[in-house]
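**Student:** Please find one structure pasted underneath; my questions will follow.
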Number of protein chains: 2
Amino acid sequence: MSFGPDAPLRLDSGLELSEFTLAFQSYGELNADKNNAILVCHALTGDQYVAGTHPTTGKPGWWISLVGPGKPLDTDRYFILCVNVIGGCMGSTGPKEINPATGKAWGLTFPVITVADMVRAQVRVLDHLGIDQLFSVMGGSMGGMQALEWAVSYPERVYTTVPIATAARHSAQNIAFHEVGRQAIMADPNWMEGDYLSRGGNPRAGLSVARMSAHITYLSEPALKRKFGRKLQDREHLTFGFDADFQVESYLRHQGFTFVDRFDANSYLYITRAMDYFDIAAEHDGRLANAFKDTPVRFCVISFTSDWLFPTKESRDIVRALNAEAANVSFVEVESDKGHDAFLLDEPEFHTTLQGFLDGAANRKGLKKP
Amino acid sequence: MSFGPDAPLRLDSGLELSEFTLAFQSYGELNADKNNAILVCHALTGDQYVAGTHPTTGKPGWWISLVGPGKPLDTDRYFILCVNVIGGCMGSTGPKEINPATGKAWGLTFPVITVADMVRAQVRVLDHLGIDQLFSVMGGSMGGMQALEWAVSYPERVYTTVPIATAARHSAQNIAFHEVGRQAIMADPNWMEGDYLSRGGNPRAGLSVARMSAHITYLSEPALKRKFGRKLQDREHLTFGFDADFQVESYLRHQGFTFVDRFDANSYLYITRAMDYFDIAAEHDGRLANAFKDTPVRFCVISFTSDWLFPTKESRDIVRALNAEAANVSFVEVESDKGHDAFLLDEPEFHTTLQGFLDGAANRKGLKKP
């Protein structure tokens with residue numbers, strides 16, 4: 001969906017995008033009342049391919065276990081929508097796309113975007129589709145940040161929100177991990193000061209290191225231990241060299257190598273930056289609860305016990321702020337040893353929680369049962 | 001101290017170093033009975049400059065708070081010795097040094113070394129100094145691995161050992177972090193397949209990223225939050241760019257930049273590899289306790305509550321194995337929010353613990369009080 005210069009997208013940086021495109025996918029049917037839409041917001045390296053088959057990787061969509069007929073996000077009941085974030089690299093306008101003013105890829109001339117900008121762009125899609133109020137907006141990690149931002153900035157357009165494995169602000173440790181990833185990309189000579197697309201380069205090595213580093217933070221130590229431990233990769237003995245002796249090394253290298261085929265390095269810079277900048281309280285006189293004053297939105301906050309990137313404490317801070325404003329909130333800390341990645345995986349307690357919350361809200365809203 | 005071809009150093013890889021040099025520093029005086037020596041073992045990026053002033057950085061030695069007259073490692077009572085590990089880059093033979101057979105820097109032709117090799121090299125220094133038994137051997141992190149290896153491989157030459165913030169084997173998560181650092185170095189074109197010293201390069205960017213990534217793991221989330229939080233660096237507002245807006249970014253970049261002035265990238269590869277390979281149980285039929293059978297050594301195992309790189313669980317595994325063999329062991333988990341780095345910092349409970357253990361053992365041993 002493309003938007004022209006008649007209605008530019010205003011950004012938090014003060015700049016405007018006079019023309020922009022938003023790529024999205026939908027699953028299920030929007031009902032006549034247009035009140036059965038669930039906006040799913042994707043995470044840092046996710047995209048709009050929530051279900052179905054991913055066009056680049058050929059793999060199933062990242063929430064295939066949750067989205068489909070009879071699943072918690074039941075496509076027989078709901079209209080599921082997911083928009084590639086502004087700044088992304090799967091069709092929405094971002095540093096990879098051509099700047100119409102110059103005819104060259106934006107690269108680092110693309111304006112720095114924020115989570116609020118991502119949401120502001122999504123609003124335009126809803127306006128276009130004639131959806132006044134989302135039945136729900138949800139997502140994990142950066143998707144959860146967007147879900148929170150929606151509830152805070154457009155409370156009248158959100159019936160329920162489900163922020164999962166997320167935080168109301170990015171922690172110092174998480175900013176630090178992002179900075180390592182960015183420095184890894186920028187250290188790659190093929191990054192060419194961000195101008196690699198115009199100059200025929202691609203900082204594959206740097207982006208791969210960034211992904212490897214980040215990937216460790218998505219897993220838990222117990223999960224790594226159970227999955228790999230100190231098991232060797234296709235060999236009986238240590239080789240006394242720098243090949244991938246250990247399975248965990250081989251796995252990480254694979255994660256790095258495959259990632260660069262589907263992701264743009266500059267997009268990685270922009271999206272990590274948007275997460276770093278996220279801090280709801282800062283925009284409300286430093287008090288998170290202020291953001292939720294008189295909110296009509298129903299919240300279901302979910303965290304995972306072994307998630308050390310977005311630990312339960314972050315979710316508790318959100319819940320505490322909501323409670324301080326007597327908001328409608330339920331909170332579930334799901335027992336899981338799968339770390340931050342748990343929100344992408346088959347976690348029965350997580351799925352049951354989500355299903356219960358959505359079913360209850362849908363019945364209350366009077367959405368037709370399938 | 002240089003050793004000639006008459007007594008080559010046998011390595012775990014099966015290779016030998018026919019000539020090698022070991023650089024070391026000592027503090028205090030070796031007594032006539034030569035029974036007051038404490039061998040301090042340094043960590044991954046440490047070196048032999050435990051006290052005094054570091055010749056490269058001009059900063060105080062890394063354990064200056066512990067080593068000196070009247071301090072827990074009292075130089076009026078003990079002879080403190082620290083050897084730069086084999087494979088290191090502060091004077092001991094390692095990939096940075098010249099291979100006498102070729103006249104060129106070893107680079108990646110240097111044999112892969114292990115923690116046991118480091119200890120085997122240290123034995124040669126003790127032999128040379130005529131020290132039959134160490135009063136104590138101690139260290140944090142990789143230094144603790146060496147302290148454990150000493151007790152296991154040379155129990156008759158160790159009176160006491162203090163493994164601090166360490167583990168009997170390197171975890172999958174820690175191998176993963178090391179692999180990211182190595183890949184960051186190897187991704188730098190200036191690494192030149194390890195041959196940068198002969199070809200006039202230096203993978204500064206890659207080594208800097210490796211250091212930044214590792215540095216995060218040395219700190220705790222609470223320490224990062226307290227020290228930096230989301231505070232901005234020399235600015236009032238976000239700049240909507242990729243400069244170091246946040247103090248934590250600026251701090252990390254500084255850590256990376258300064259590290260490359262004092263460390264060799266290939267050494268970083270070799271020493272991380274040695275840690276990855278460390279697994280005492282594997283060499284004792286998979287049962288850690290077997291390594292401690294009938295040990296005469298007195299152990300004092302120390303961990304820190306907020307250390308997530310070498311969490312207390314790793315120390316407990318060591319203590320449990322020692323208990324299974326009815327060894328003489330005391331164990332203290334020090335309350336600290338400073339993360340893995342706590343072993344390098346002024347932690348009163350840690351210092352008191354160490355002082356108490358050493359004083360008791362020294363009195364028992366009959367070492368003259370200062």
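**Student:** Kindly list the number of the only condition in (1) within 14 Å of chain A (Cβ to nearest Cβ); (2) basic (Lys, Arg); (3) within 12 Å of B:Ala167 (Cβ to Cβ) that fails for B:Arg316.
**Tutor:** Condition not satisfied by B:Arg316: (1).
**Student:** Can you confirm whether B:Thr239 is of a type outside the set (D, E, K, R), farther than 27 Å from B:His340 by Cα, surrounded by fewer than 18 Cβ atoms within 10 Å (Cβ to Cβ) and more than 8 Å from chain A (Cβ to nearest Cβ)? First the steps, then the outcome.
**Tutor:** Working: of a type outside the set (D, E, K, R): yes; farther than 27 Å from B:His340 by Cα: yes; surrounded by fewer than 18 Cβ atoms within 10 Å (Cβ to Cβ): yes; more than 8 Å from chain A (Cβ to nearest Cβ): yes.
When the stated conditions are applied, B:Thr239 passes them.
**Student:** Would you say B:Arg157 is of a type in the set (Lys, Arg), over 30 Å from A:Tyr277 (Cβ atoms) and within 9 Å of chain A (Cβ to nearest Cβ)? It would help to see each step written out before you state the result.
**Tutor:** Values: of a type in the set (Lys, Arg): yes; over 30 Å from A:Tyr277 (Cβ atoms): yes; within 9 Å of chain A (Cβ to nearest Cβ): no.
It is false that B:Arg157 is of a type in the set (Lys, Arg), over 30 Å from A:Tyr277 (Cβ atoms) and within 9 Å of chain A (Cβ to nearest Cβ).
**Student:** Oh, and also: If you check B:Gln183 against the conditions, is it crowded, with 19+ Cβ neighbours inside 10 Å, more than 9 Å from every other protein chain (Cβ to nearest Cβ) and touching a Gly at 6+ places or on another chain (Cβ under 9 Å)?
**Tutor:** Details: crowded, with 19+ Cβ neighbours inside 10 Å: yes; more than 9 Å from every other protein chain (Cβ to nearest Cβ): no; touching a Gly at 6+ places or on another chain (Cβ under 9 Å): yes.
So B:Gln183 does not fit the description; no.
**Student:** Just for region A:174-229: of the residues that are under 22 Å from A:Tyr251 (Cβ atoms) and of a type in the set (S, T, N, Q), which one is nearest to the chain's Cα centre (by Cα)?
**Tutor:** Of everything passing the filter in region A:174-229, A:Thr217 is nearest to the chain's Cα centre (by Cα).
Residue by residue, here is whether (1) out of contact with any helix residue (DSSP H, G or I) (no Cβ under 8 Å at 6 or more places or on another chain); (2) within 14 Å of chain B (Cβ to nearest Cβ); (3) closer than 20 Å to A:Ile164 by Cβ holds:
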residue	(1), (2), (3)
A:Ser18	yes, no, no
A:Asn35	no, no, no
A:Leu39	no, no, yes
A:His42	no, no, yes
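**Student:** While we're looking at this one, here's another question. So which residues in region B:92-134 are surrounded by 18 or more Cβ atoms within 10 Å (Cβ to Cβ), more than 16 Å from the chain's Cα centre (by Cα) and of a type outside the set (A, V, I, L, M), if there are any at all?
**Tutor:** Hits for region B:92-134 are B:Thr93, B:Pro95, B:Lys96, B:Glu97, B:Trp106, B:Gly107, B:Phe110, B:Pro111.
**Student:** Counting only residues that are under 19 Å from A:Val137 (Cα atoms) and charged (D, E, K, R), which one in region A:334-365 is nearest to the chain's Cα centre (by Cα)?
**Tutor:** Looking at residues that are under 19 Å from A:Val137 (Cα atoms) and charged (D, E, K, R), I get A:Asp359.
Conditions (1) over 27 Å from B:Phe278 (Cβ atoms); (2) more than 14 Å from chain A (Cβ to nearest Cβ); (3) without any contact (Cβ under 8 Å) to a residue 40 or more places away in the chain, marked per residue:
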site: B:Asp12; (1), (2), (3): no, no, no
site: B:Gln25; (1), (2), (3): no, yes, no
site: B:Asn31; (1), (2), (3): yes, yes, no
site: B:Gln48; (1), (2), (3): no, yes, no
site: B:Ala51; (1), (2), (3): no, yes, yes
site: B:Thr57; (1), (2), (3): yes, yes, no
site: B:Ile80; (1), (2), (3): no, yes, no
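**Student:** Among the residues in region A:290-302, are any in the same structural domain as A:Thr114 (by TED's automatic domain parsing), of a type in the set (Val, Ile, Thr) and under 29 Å from A:Pro222 (Cβ atoms)? First the steps, then the outcome.
**Tutor:** From region A:290-302, those in the same structural domain as A:Thr114 (by TED's automatic domain parsing) are A:290-302; that's our starting set.
Next cut, of a type in the set (Val, Ile, Thr) only: A:295, A:297, A:301-302.
With under 29 Å from A:Pro222 (Cβ atoms) added as a condition, the list becomes A:301-302.
The answer is yes, given that some residue of region A:290-302 is in the same structural domain as A:Thr114 (by TED's automatic domain parsing), of a type in the set (Val, Ile, Thr) and under 29 Å from A:Pro222 (Cβ atoms).
**Student:** Take region A:188-236 and flag every residue that is in contact with a strand residue (DSSP E or B) (Cβ under 7 Å, 6 or more places away or on another chain) and over 21 Å from B:Arg273 (Cα atoms).
**Tutor:** If the condition is that a residue be in contact with a strand residue (DSSP E or B) (Cβ under 7 Å, 6 or more places away or on another chain) and over 21 Å from B:Arg273 (Cα atoms), then A:Leu197, A:Ser198 are the ones that fit.
**Student:** Considering only strands (runs of 3 or more DSSP E) fully contained in region A:17-130, which possess at least 1 residues that are of a type in the set (S, T, N, Q)?
**Tutor:** On the way: elements: A:24-27, A:37-41, A:79-83.
Here the list reads A:24-27.
A quick yes/no check of all residues on (1) of a type in the set (D, E, K, R); (2) assigned by TED's automatic domain parsing to the domain that holds A:Met145; (3) part of a loop (DSSP other than H, G, I, E, B):
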position	(1), (2), (3)
A:Ser306	no, yes, yes
A:Asn323	no, yes, no
A:Val332	no, yes, no
A:His340	no, yes, no
A:Glu349	yes, yes, no
A:Gly360	no, yes, no
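**Student:** Follow-up question, since we're still on this one. Got at least one residue in region A:248-260 being among the acidic types (Asp, Glu), in contact (Cβ under 8 Å) with a residue 60 or more places away in the chain and not assigned by TED's automatic domain parsing to the domain that holds A:Tyr154? Spell out the reasoning first.
**Tutor:** Applying the first criterion (among the acidic types (Asp, Glu)) to region A:248-260 yields A:249.
Checking which are in contact (Cβ under 8 Å) with a residue 60 or more places away in the chain leaves us with none.
No; the residues of region A:248-260 include none that is among the acidic types (Asp, Glu), in contact (Cβ under 8 Å) with a residue 60 or more places away in the chain and not assigned by TED's automatic domain parsing to the domain that holds A:Tyr154.
**Student:** Across region B:265-304, what is the number of residues that are under 17 Å from the mean Cα position of the chain (by Cα) and part of a helix (DSSP H, G or I)?
**Tutor:** 13
**Student:** Filter region B:339-370 down to the residues that are of a type in the set (Gly, Ala, Ser) and out of contact with any helix residue (DSSP H, G or I) (no Cβ under 6 Å at 6 or more places or on another chain), then identify the one that is farthest from B:Glu29 (Cα to Cα). Steps first, answer last, please.
**Tutor:** Going through region B:339-370, the residues of a type in the set (Gly, Ala, Ser) turn out to be B:339, B:342, B:356, B:360-362, B:366.
With the extra rule that they be out of contact with any helix residue (DSSP H, G or I) (no Cβ under 6 Å at 6 or more places or on another chain), the set shrinks to B:342, B:356, B:360-362, B:366.
Working: B:Ala342: 28, B:Gly356: 21, B:Gly360: 20, B:Ala361: 18, B:Ala362: 15, B:Gly366: 16 Å.
The selected residue is B:Ala342.
**Student:** Given B:Arg316, B:Arg273, which one is of a type in the set (D, E, K, R), within 30 Å of B:Gly107 (Cβ to Cβ) and modelled with pLDDT of 95 or more? It would help to see each step written out before you state the result.
**Tutor:** Values: B:Arg316 fails: within 30 Å of B:Gly107 (Cβ to Cβ).
Of B:Arg316, B:Arg273, the one residue that is of a type in the set (D, E, K, R), within 30 Å of B:Gly107 (Cβ to Cβ) and modelled with pLDDT of 95 or more is B:Arg273.
**Student:** Oh, and also: Which one is farthest from A:Ile113 (Cα to Cα), of the residues in region A:33-52 that are crowded, with 19+ Cβ neighbours inside 10 Å and of a type outside the set (A, V, I, L, M)?
**Tutor:** Going residue by residue through region A:33-52, those that are crowded, with 19+ Cβ neighbours inside 10 Å are A:36-51.
If we keep only those that are of a type outside the set (A, V, I, L, M) as well, we get A:36, A:41-42, A:45-49.
Values: A:Asn36: 29, A:Cys41: 16, A:His42: 16, A:Thr45: 16, A:Gly46: 17, A:Asp47: 17, A:Gln48: 18, A:Tyr49: 22 Å.
So the residue we want is A:Asn36.
**Student:** While we're on this one: Scan region A:169-204 for residues that are under 19 Å from B:Phe257 (Cβ atoms), in contact (Cβ under 8 Å) with a residue 60 or more places away in the chain and of a type in the set (Gly, Ala, Ser) and report the count.
**Tutor:** 1
**Student:** Continuing with the same structure: Quick one: count up the residues across region B:135-158 that are under 16 Å from B:Cys41 (Cα atoms) and surrounded by fewer than 24 Cβ atoms within 10 Å (Cβ to Cβ). Break it down stepwise before answering.
**Tutor:** Start the filter on region B:135-158 by keeping residues that are under 16 Å from B:Cys41 (Cα atoms), which leaves B:135-154, B:157-158.
Okay, now just the ones that are also surrounded by fewer than 24 Cβ atoms within 10 Å (Cβ to Cβ), so B:135, B:152-154, B:157-158.
Residues that pass the stated criteria total 6.
**Student:** Tell me which residues, restricted to region B:159-170, are of a type in the set (Ser, Thr, Tyr) and either surrounded by 24 or more Cβ atoms within 10 Å (Cβ to Cβ) or closer than 18 Å to B:Ala289 by Cα (or both). Can you show your working first?
**Tutor:** Pass one, region B:159-170, residues of a type in the set (Ser, Thr, Tyr): B:159-161, B:166.
Within region B:159-170, B:Thr160, B:Thr161, B:Thr166 qualify.
**Student:** With the requirement that a residue be facing another protein chain (nearest Cβ under 9 Å) and surrounded by 14 or more Cβ atoms within 10 Å (Cβ to Cβ), what does region B:224-236 give you?
**Tutor:** Once the filter is applied, which keeps residues that are facing another protein chain (nearest Cβ under 9 Å) and surrounded by 14 or more Cβ atoms within 10 Å (Cβ to Cβ), region B:224-236 yields B:Leu224, B:Lys225, B:Lys227, B:Phe228, B:Gly229, B:Arg230.
**Student:** Please enumerate the residues belonging to region A:251-264 that are more than 8 Å from chain B (Cβ to nearest Cβ) and part of a helix (DSSP H, G or I).
**Tutor:** Step one: of region A:251-264, the residues more than 8 Å from chain B (Cβ to nearest Cβ) are A:251, A:254-255, A:257-264.
Once the filter is applied, which keeps residues that are more than 8 Å from chain B (Cβ to nearest Cβ) and part of a helix (DSSP H, G or I), region A:251-264 yields A:Tyr251, A:His254, A:Gln255, A:Phe257, A:Thr258, A:Phe259.
**Student:** While we're looking at this one, here's another question. Looking at A:Ser267, A:Ser208, A:Ser220, A:Ser198 in this structure, which one is under 28 Å from B:Leu108 (Cβ atoms) and not assigned by TED's automatic domain parsing to the domain that holds A:Ile38?
**Tutor:** Numbers: A:Ser267 fails: under 28 Å from B:Leu108 (Cβ atoms); A:Ser220 fails: under 28 Å from B:Leu108 (Cβ atoms); A:Ser198 fails: under 28 Å from B:Leu108 (Cβ atoms).
Only one candidate qualifies: A:Ser208.
**Student:** Moving on. Filter region A:186-202 down to the residues that are facing chain B (nearest Cβ under 7 Å) and surrounded by fewer than 22 Cβ atoms within 10 Å (Cβ to Cβ) and list them by number.
**Tutor:** At the first step, the residues of region A:186-202 found to be facing chain B (nearest Cβ under 7 Å) are A:187-189.
Answer for region A:186-202, where residues must be facing chain B (nearest Cβ under 7 Å) and surrounded by fewer than 22 Cβ atoms within 10 Å (Cβ to Cβ): just A:Pro189.
**Student:** Considering B:Leu11, B:Leu30, B:Leu81, B:Leu73, which residue is surrounded by 16 or more Cβ atoms within 10 Å (Cβ to Cβ), under 16 Å from the mean Cα position of the chain (by Cα) and modelled with pLDDT of 95 or more? Please lay out each step first, then the result.
**Tutor:** Working: B:Leu11 fails: under 16 Å from the mean Cα position of the chain (by Cα); B:Leu30 fails: under 16 Å from the mean Cα position of the chain (by Cα); B:Leu73 fails: under 16 Å from the mean Cα position of the chain (by Cα).
Being surrounded by 16 or more Cβ atoms within 10 Å (Cβ to Cβ), under 16 Å from the mean Cα position of the chain (by Cα) and modelled with pLDDT of 95 or more holds for just one of B:Leu11, B:Leu30, B:Leu81, B:Leu73, which is B:Leu81.
The values are calculated or read from the model by the stated rules, or taken from the named source; none is laboratory data. Computed from a predicted model, the values in this text were never measured in an experiment. As a convention, Cβ positions derive from the backbone with ideal geometry for all residues, glycine included, and neighbour counts pool all protein chains shown.
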